[in-house]
Amino acid sequence: MPFHATLLTLYPEMFPGPLGVSLAGRALERGDWRLETFNIREHGEGRHRLVDDTPAGGSPGMVLRADVLASAIDAAVPEGDARPRLLMSPRGRPLTQGFVRELAAGEGVVVVCGRFEGVDERVIEGRGLLEVSIGDYILSGGEMAALVLLDAAVRLLPGVMGNALSGEAESFEGGLLEHPHYTRPSVWEGREIPAVLRSGDHGAVARWRRAEAERLTRERRPDLLLPRR
Ligand code: SAH
């Protein structure tokens, strides 16, 4: 069974969006992964299909209703479906390459895209949603965050990346940022490709790349070098 992504959103027209082109898009056409969208609006209340209401306790903005969202989830996700149910949320578990790898190794994901001020807390508990954040900033909705998560996961699926090896030295995979890259021409605007990369000495190249990766990580992301809590 290919990796199966089920999206719940008020804006299904945002999918596949950028995931319909390039590597992810071709993999989708080949059936290497599946994408299914459900419109939360269809479970809205009344003639106007209302999905949100004002926050209990008062404050500006609106909140996605628990009953509406739960009914959308129940319609989209069959009973016994073992895929993790994610809710995109700035309060969530940070999305990291390790977490993406875990998700990509599974059967797929159910992804709920929030809107407004967020969703009623009770549906998070009641439907066992795991909140996931793509970074410390606020988006207007969970759709872009879901696209980011899926893009990162899909490229790891078997057969999706043209050159399987190119995934290996990448930033974060070895706990370090990646070394710099160069390609022809060998001199550009007076800047040369480092001599070691043209030496043909594979051992020296590997040592240089490692040293550069360590230097960049120390300079830019010293937090990555700290032991994991
Ligand atoms: N009031 C909320 C933010 C709501 S933003 C708060 O302060 O925490 C509206 C929706 O966008 C959220 O429900 C969530 O689904 C999505 N979203 C916003 N920022 C996000 C982020 N950094 N990561 C993942 N999803 C995000």
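Just a few scattered comments:
- Which listed residue, of Ala104, Ala145, Ala153, is within 14 Å of the ligand (Cβ to nearest atom) and either of a type outside the set (Gly, Ala, Ser) or surrounded by 13 or more Cβ atoms within 10 Å (Cβ to Cβ) (or both): Ala145
- Gly174 vs. criteria within 19 Å of Ala24 (Cβ to Cβ) and not assigned by TED's automatic domain parsing to the domain that holds Ser59: no
- Positions within region 6-27 being part of a helix (DSSP H, G or I) and either under 14 Å from Ile73 (Cα atoms) or touching a residue at least 60 places away in the same chain (Cβ under 8 Å) (or both), in sequence order: Met14, Gly17, Pro18, Leu19, Leu23, Ala24, Ala27
- Looking at Glu143, Glu117, just one residue is outside any strand (DSSP E or B), closer than 21 Å to Thr9 by Cβ, charged (D, E, K, R) and under 13 Å from the mean Cα position of the chain (by Cα), and that residue is Glu143.
- Failed condition for Gly80, given (1) over 30 Å from Gly174 (Cα atoms); (2) open to solvent by 10 Å² or more (accessible area, probe 1.4 Å); (3) within 14 Å of the ligand (Cβ to nearest atom): (3)
- Once region 44-74 is narrowed to residues that are in a helix (DSSP H, G or I) and open to solvent by 60 Å² or more (accessible area, probe 1.4 Å), the residue that is nearest to the ligand (Cβ to nearest atom) is Asp67.
- When Arg85, Arg101 are checked against the criterion of being basic (Lys, Arg), in contact (Cβ under 8 Å) with a residue 40 or more places away in the chain and out of contact with any strand residue (DSSP E or B) (no Cβ under 9 Å at 6 or more places or on another chain), a single residue qualifies: Arg101.
- Verdict on Ile138 being open to solvent by 40 Å² or more (accessible area, probe 1.4 Å), hydrophobic (A, V, I, L, M, F, W, C) and within 15 Å of the ligand (Cβ to nearest atom): yes
- When Arg85, Arg93 are checked against the criterion of being open to solvent by 40 Å² or more (accessible area, probe 1.4 Å), touching an Asp or Glu at 6+ places or on another chain (Cβ under 7 Å) and within 16 Å of the ligand (Cβ to nearest atom), a single residue qualifies: Arg93.
- Pairs with Cβ under 6 Å, 6+ apart, first in region 154-179 and under 19 Å from Gly98 (Cβ atoms), second exposed (fewer than 13 other Cβ atoms within 10 Å of the Cβ) and at pLDDT 85 or above: Glu178/Glu170
- Just one residue in the set Gly142, Gly126 is within 22 Å of Pro55 (Cα to Cα), in the same structural domain as Gly31 (by TED's automatic domain parsing) and touching a Cys at 6+ places or on another chain (Cβ under 8 Å); that residue is Gly142.
- Residue list for region 107-122, filter: away from the ligand (no atom under 14 Å from the Cβ) and either open to solvent by 10 Å² or more (accessible area, probe 1.4 Å) or hydroxyl-bearing (Ser, Thr, Tyr) (or both): Glu107, Arg122
- Residues of region 174-185 include none that is open to solvent by 30 Å² or more (accessible area, probe 1.4 Å) and assigned to a helix (DSSP H, G or I).
- A count restricted to region 123-135 and to residues that are surrounded by fewer than 20 Cβ atoms within 10 Å (Cβ to Cβ) and within 14 Å of the ligand (Cβ to nearest atom) stands at 4.
The values are calculated or read from the model by the stated rules, or taken from the named source; none is laboratory data. All values derive from a computational prediction rather than experimental measurement. Counting neighbours? That spans all protein chains shown, and the Cβs are built from the backbone with ideal geometry, glycine included. We work out accessible area using only protein heavy atoms, side chains counted, and drop any ligands, DNA or RNA first. Shrake-Rupley method; radii C 1.70, N 1.55, O 1.52, S 1.80 Å.
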